[in-house]
1. If you go through the stretch 57-83 one residue at a time, how many are more than 18 Å from ASN45 (Cβ to Cβ) and in a strand (DSSP E or B)?
2. Among the listed residues TYR69, TYR39, TYR52, identify the single one that is over 27 Å from PHE105 (Cβ atoms), aromatic (Phe, Trp, Tyr) and either in contact with a Phe, Trp or Tyr (Cβ under 6 Å, 6 or more places away or on another chain) or crowded, with 17+ Cβ neighbours inside 10 Å (or both).
3. If you go through the stretch 15-26 one residue at a time, do you hit one that is among the hydroxyl-bearing types (Ser, Thr, Tyr), surrounded by fewer than 11 Cβ atoms within 10 Å (Cβ to Cβ) and either at pLDDT below 95 or under 15 Å from the mean Cα position of the chain (by Cα) (or both)?
4. Among what's in the stretch 12-69 and is touching a strand residue (DSSP E or B) at 6+ places or on another chain (Cβ under 9 Å) and of a type in the set (Val, Ile, Thr), pick the residue that is nearest to PRO84 (Cα to Cα).
5. Among the residues in the stretch 34-46, are any of a type outside the set (S, T, N, Q), closer than 19 Å to ALA114 by Cα, modelled with pLDDT of 95 or more and not in a loop (DSSP other than H, G, I, E, B)?
Amino acid sequence: MSNATATAVSLPTSKKELAELSQDLKLALDMGRLPEAFYFCTNTNEMLKLYYGLNTELKTFKQWKEAGYKVKKGSKAFKFWSKPITGKEKAKSEETETAESKYQFFGVCNLFSAEQVEKF
């Protein structure tokens, strides 16, 4: 599959759009409106990979570079959810002591497919 084929679907350009697409896919899955292959997905990123039409290896820009490849000019990254990231939030109490609370969130990971790279 060429890069042009893979980008025939609407690609999210922001975290907000990725969240909306993920919610739409989950809703369509719950309503039985997706092809059978989607029902074998175990997480949202697997559904996104099917939605994008990708059947190849995915890596970050840095990972492809370290492997001896360069991303082809004009290629657009596919957005996926990252592994959970733990953050710390400082909260001030009435007694002016600060307490730290931990929380987790998902960032956005920009990946390129094997069809979007070439050897140096």
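The values are calculated or read from the model by the stated rules, or taken from the named source; none is laboratory data. The model shown is predicted, which means the values in this text are computed figures rather than measured ones. Don't worry about glycine lacking a Cβ; one is built from the backbone with ideal geometry, like all the others, and counts go over all protein chains shown.
1. The qualifying residues number 3.
2. Working: TYR39 fails: either in contact with a Phe, Trp or Tyr (Cβ under 6 Å, 6 or more places away or on another chain) or crowded, with 17+ Cβ neighbours inside 10 Å (or both); TYR52 fails: over 27 Å from PHE105 (Cβ atoms).
Exactly one of TYR69, TYR39, TYR52 is over 27 Å from PHE105 (Cβ atoms), aromatic (Phe, Trp, Tyr) and either in contact with a Phe, Trp or Tyr (Cβ under 6 Å, 6 or more places away or on another chain) or crowded, with 17+ Cβ neighbours inside 10 Å (or both), namely TYR69.
3. Taking the stretch 15-26 as the starting set, the residues that turn out to be among the hydroxyl-bearing types (Ser, Thr, Tyr) are 22.
Right, trim to surrounded by fewer than 11 Cβ atoms within 10 Å (Cβ to Cβ) and you get none.
No, there is no match, as no residue in the stretch 15-26 is among the hydroxyl-bearing types (Ser, Thr, Tyr), surrounded by fewer than 11 Cβ atoms within 10 Å (Cβ to Cβ) and either at pLDDT below 95 or under 15 Å from the mean Cα position of the chain (by Cα) (or both).
4. The residue in question is THR44.
5. Keep residues of the stretch 34-46 that are of a type outside the set (S, T, N, Q), which gives 34-41, 46.
With closer than 19 Å to ALA114 by Cα added as a condition, the list becomes 46.
Next, only the ones that are modelled with pLDDT of 95 or more stay: 46.
Retained after the next criterion (residues that are not in a loop (DSSP other than H, G, I, E, B)): 46.
There is at least one residue in the stretch 34-46 that is of a type outside the set (S, T, N, Q), closer than 19 Å to ALA114 by Cα, modelled with pLDDT of 95 or more and not in a loop (DSSP other than H, G, I, E, B).
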